[in-house]
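Below: the structure, in structure tokens.
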Amino acid sequence: MRKVAIVGVGHTPFSFLAEKTVVELFSEAAMEAIISSDLKAKDIKAMFVGNVLGDFSEGQGMVQSFAADEIGAKNIPASRFEGACASGTMAIRDAFMWVASGFYDIVIAGGVDTTSKMGTALGTRTFAMFTDSHYEYPSGLTFPGAFGMLCHLYSVKYGVPLAKLKRQMALVSVQSHKYGQYNKLGQLHNEVTVDEVLSSAMVTSPLQLYDCCPFSDGAAAIVLASEEAARKLTDEPVYITGVGQASSGRYSSQKEYLPRLRARDISVKQAYDMAGIKPEDVDICELHDCFSIASIIAVESLGFAEFGHGGELWENGEADIRGRIPINMSGGLKSKGHPIGATGASQVCDIVKQMRGAVEAQRQVEDVKIGLTDTLGGDGIICNLVLEKGW
Amino acid sequence: MSTFEYKLAFKDYNASLRKNKLLGLSCKDCGKVTCPPKLVCHECGGANLDISTLSGKGKIVTFTVSYVTAQGREVEAPILVVMVELEEGPWVILSALILIALRWNL
């Protein structure tokens with residue numbers, strides 16, 4: 001396998017009710033990634049796009065083909081990836097393998113969604129499609145509901161009193177907003193306090209409004225190139241040195257593992273082993289905080305905390321900008337926003353910018369050499385990527 | 001007819017549930033029970049399965065009360081959703097109403 005580098009990145013603003021269409025958003029992100037890679041659209045040999053709900057939000061399928069044509073990369077093979085909120089990382093992982101294999105030298109990958117255009121009721125309906133439509137959804141299960149259940153289960157299984165856990169969860173949201181306010185491409189730019197989180201409206205017990213990420217519109221894209229091609233294009237290549245992906249069945253079928261998600265244990269081990277690193281080698285992590293409890297569950301399987309102790313990373317500042325493992329300095333899904341197909345690509349974009357010293361000063365981590373992304377889809381698709389600074 | 005068929009597909013599982021009877025699959029190889037049904041045994045992957053009627057008894061392991069519902073289900077809010085560890089072993093996600101119906105009728 002060949003080494004694969006990320007050359008350039010592109011990222012639209014994340015927002016409520018974007019004025020642009022799902023195709024326009026992805027096309028803009030893709031073109032930014034191509035231009036910043038010192039390339040032209042005709043240099044791109046294939047396109048890999050995570051898009052989940054274009055069909056429902058805009059009546060638009062096949063976003064990838066239209067976007068390829070929009071940017072002038074006419075007639076290239078363009079493929080869509082659908083793994084709910086993990087779609088963008090799935091697209092990048094496949095793009096990585098096509099370049100690593102030697103089949104293509106330069107490709108583009110990313111994702112896009114415009115879920116806020118659906119409104120909360122249809123949005124909640126469509127997000128619930130990523131539970132089992134016949135064996136889970138009829139019970140009334142929604143996607144936030146699934147994490148509400150995991151939260152109660154976490155409290156019981158690990159013996160963390162719910163009041164203590166809720167406070168830890170609030171600290172997760174507080175930190176996401178603390179850094180997200182500075183992210184010019186993010187959706188929410190307000191700080192929140194623990195008291196505001198704990199007094200916000202109940203969505204699905206015990207998750208309140210500020211435990212939940214917003215519905216969002218936006219796109220992100222990256223150009224991937226072989227090591228040889230990348231050397232000619234940039235002095236600051238970021239190598240993808242480890243990839244992982246795993247899937248699970250229904251939540252209830254993961255009974256012996258819950259509240260942790262079995263797919264994450266498997267996926268992140270693949271990524272760490274392939275990169276030849278351990279959790280303590282990671283300098284920065286962008287993880288899938290669709291709900292505050294999801295962050296606490298994630299850091300444990302990623303190896304940053306013992307099971308049942310994830311929340312302590314936010315209590316004692318270890319997840320903060322100068323902590324042991326800075327987490328979600330982009331603002332995460334909670335504050336930056338979560339246009340689901342774009343999210344995995346957005347995580348990668350932000351870590352690349354962190355390595356290049358190109359994010360807003362208030363959220364810039366010093367000396368980032370190794371980054372990890374973690375993206376979760378539905379009942380349990382997990383994708384992880386290890387990124388390493390190449391200069 | 002395909003050469004490899006579901007022993008218990010959704011249609012029959014659901015029809016039974018509507019009569020307050022919870023069906024599962026007992027594995028003749030490992031003895032474990034799979035519920036809701038799958039094409040193969042959840043525990044060992046074997047395909048040597050028998051349909052069995054489950055007791056409908058178990059322990060609620062977690063729950064949530066959802067105040068924000070999906071489009072078309074607004075009148076059901078708030079919805080109490082439970083995850084139950086059945087006494088036969090599997091975990092299932094059910095609405096609280098189905099849980100009550102199972103307990104009254106079985």
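The values are calculated or read from the model by the stated rules, or taken from the named source; none is laboratory data. Every value quoted in this text rests on a predicted model; they were computed, and no experiment measured them. Note: ideal-geometry Cβ built from the backbone for every residue, glycine included; neighbour counts use all protein chains shown.
General observations
- Only one of the numbered conditions (1) assigned to a helix (DSSP H, G or I); (2) surrounded by fewer than 18 Cβ atoms within 10 Å (Cβ to Cβ) is violated by B:TYR13, and that is (2).
- Selection from segment A:138-173 of residues that are closer than 30 Å to A:SER15 by Cβ, at the interface with another protein chain (Cβ under 8 Å from one of its Cβ atoms) and either in a loop (DSSP other than H, G, I, E, B) or not hydrophobic (A, V, I, L, M, F, W, C) (or both): A:LEU141, A:THR142, A:PRO144, A:GLY145, A:GLY148
- The single condition from (1) of a type in the set (Phe, Trp, Tyr); (2) surrounded by fewer than 19 Cβ atoms within 10 Å (Cβ to Cβ); (3) within 21 Å of A:VAL352 (Cβ to Cβ) that A:PHE16 fails is (3).
- For segment A:112-126, taking the residues that are farther than 17 Å from B:GLU76 by Cβ and not charged (D, E, K, R), the one that is farthest from the other protein chains (Cβ to nearest Cβ) is identified as A:VAL112.
- Residue within segment A:287-301 that is more than 23 Å from A:LEU162 (Cβ to Cβ) and of a type outside the set (Phe, Trp, Tyr) present: no
- Members of segment A:201-210 found to be within 12 Å of chain B (Cβ to nearest Cβ) and not β-branched (Val, Ile, Thr), listed by number: A:ALA201, A:MET202, A:SER205, A:PRO206, A:LEU207, A:GLN208, A:LEU209
Yes/no matrix, rows are residues, columns are (1) touching a His at 6+ places or on another chain (Cβ under 8 Å); (2) assigned to a helix (DSSP H, G or I):
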residue: A:MET329; (1), (2): no, no
residue: A:VAL348; (1), (2): no, yes
residue: A:GLU366; (1), (2): no, no
residue: A:GLY371; (1), (2): no, no
residue: A:THR375; (1), (2): yes, no
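- In segment B:50-61 there is no residue that is assigned to a loop (DSSP other than H, G, I, E, B), within 11 Å of chain A (Cβ to nearest Cβ) and not basic (Lys, Arg).
- Yes/no for A:THR115 being surrounded by 24 or more Cβ atoms within 10 Å (Cβ to Cβ), within 21 Å of the chain's Cα centre (by Cα), closer than 24 Å to B:ALA70 by Cα and touching a residue at least 60 places away in the same chain (Cβ under 8 Å): yes
- Candidate set from segment A:232-252 (those that are surrounded by fewer than 24 Cβ atoms within 10 Å (Cβ to Cβ) and either assigned to a strand (DSSP E or B) or free of Cβ contacts under 8 Å to residues at least 40 places away in the same chain (or both)); member that is nearest to the other protein chains (Cβ to nearest Cβ): A:ALA246
Residue-by-condition table, conditions (1) under 20 Å from B:LEU94 (Cα atoms); (2) under 15 Å from the mean Cα position of the chain (by Cα); (3) more than 13 Å from chain A (Cβ to nearest Cβ):
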| site | (1), (2), (3) |
| --- | --- |
| B:LEU8 | yes, yes, no |
| B:ASN20 | yes, yes, yes |
| B:THR34 | yes, yes, no |
| B:HIS42 | yes, yes, no |
| B:GLY45 | no, no, no |
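- Checklist (1) assigned to a helix (DSSP H, G or I); (2) at pLDDT 95 or above applied to A:LEU185, failing item: (1)
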